[in-house]
1. For the stretch 168-218 and the stretch 84-156, compute the distance between their C-alpha centroids and round to whole Å.
2. When 1/r is averaged over all different Cα pairs and the result inverted, which Kirkwood radius in Å belongs to the stretch 81-218?
3. Run the numbers for R210 and E107: contour at 0.36 nm per residue of separation, minus the present Cα-Cα distance, in nm.
4. For a quick check: sort R194, R148, R99 by the number of other beta carbons within 10 angstrom, fewest at the front.
5. If each residue's Cβ is checked for other Cβ atoms within 10 Å, how do F186, F139 rank with the fewest at the top?
6. Kirkwood-based Rg over Rh for the stretch 68-141 (C-alpha set), two decimals?
7. Roughly how compact is the stretch 155-218, stated as its Cα Rg over 2.2 N^0.38 Å to two decimals?
8. For I65, I112, I117, what's the fewest-to-most ordering of other Cβ within 10 Å of each Cβ?
Amino acid sequence: MRTVATQSAALPATAAPSVTASSVTAPSVTASSVTASSVTASLAPAPSTALAATVATPIGPFTVIAEVAGGTAGAATVLASGWTDDLAALLPQVAAALRPSAITTVEAIDGITEAVIAYHDGDLTAIDAVPVRQTSGQFRSHAWDVLRTVRAGEPVTYTRYAELAGRPAAVRAAAGACAANAAALFVPCHRVLRTDGTLGGFRWGLPAKRWLLDHEAA
C-alpha cells in the first residue's frame, strides 16, 4: 500500500518537462496511473496548477513548488523544494500522482517564502510548521514524518534514524528515504549523517549540507 504523508520526497520522473519564463507544463496524470491499491483514499486529486517562487539564500537560490488550496488565495503546501532556480530540475522530484499540470511563477508564496527567509536568517524553527505533501510506501512516508522531528543542531546518524523510524535494521531504507526526499529543508534530510560523522549524500551538494549543519549548530 502507498500512503500520503501530509507533513513530509518523491521519486524522480523519467524526463523533465519544458520550462517557460512564467510557467512549466508537467506530464499529465491519467486515471490509470493512480489506482485504489497504490494510493489511499486520503490522497486528493493532483493540483491542476501550482505556484513556484525562488529566493536568494547564502548558499544559492532556493525554489519551492507548492499547491495552493482554492487557486492562489488559499493555504500553500510544499510539493518540492531545493537550492536551485531551475524548475525543470525540481519538478521531476514531485511524484507523478501529485504533479500539477502547470506551474505559475510568483515572487513569494504566502506562509512559505517568509519561512525560508527567516530560517536562513537564523530562525531555525520557522520552517517547522510549513505543510508538506509527499507520497510513497508506508515506511518511507512514516520515515519522512519522523525526519521532521529531528531538531536543528541535533543531527543523527542513518543508524539512529532507522531506529527512530521503528526499524533499526532498515538503515539502507532510512538512507533511501533521505535520498528520495523532494521537500529539502522542510523535511530536513540534511540532519542525517554517516555513522563515522561524515556528511554522506545530499541532492543539493555537500557544501550546502555543510553550511546548513554549521548554520544550525551556531
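No value in this document is a laboratory result; all are computed from the given coordinates. This structure is a prediction, so every number in the text was calculated from the model and none was measured. Every residue, glycine among them, receives a Cβ derived from its backbone with ideal geometry; neighbour counts consider all protein chains shown.
1. The stretch 168-218 and the stretch 84-156 have Cα centres spaced 14 Å from each other.
2. Values: mean 1/r = 0.0639 Å⁻¹.
It is 15.7 Å.
3. 34.3 nm
4. On the way: R194 13, R148 19, R99 24.
Least to most surrounded, the residues fall as R194, R148, R99.
5. Lowest count first: F139, F186.
6. Values: Rg = 13.2 Å, Rh = 13.8 Å.
Radius of gyration relative to Kirkwood radius: 0.96.
7. Its radius of gyration relative to the 2.2 N^0.38 Å reference: 1.05.
8. I117, I112, I65
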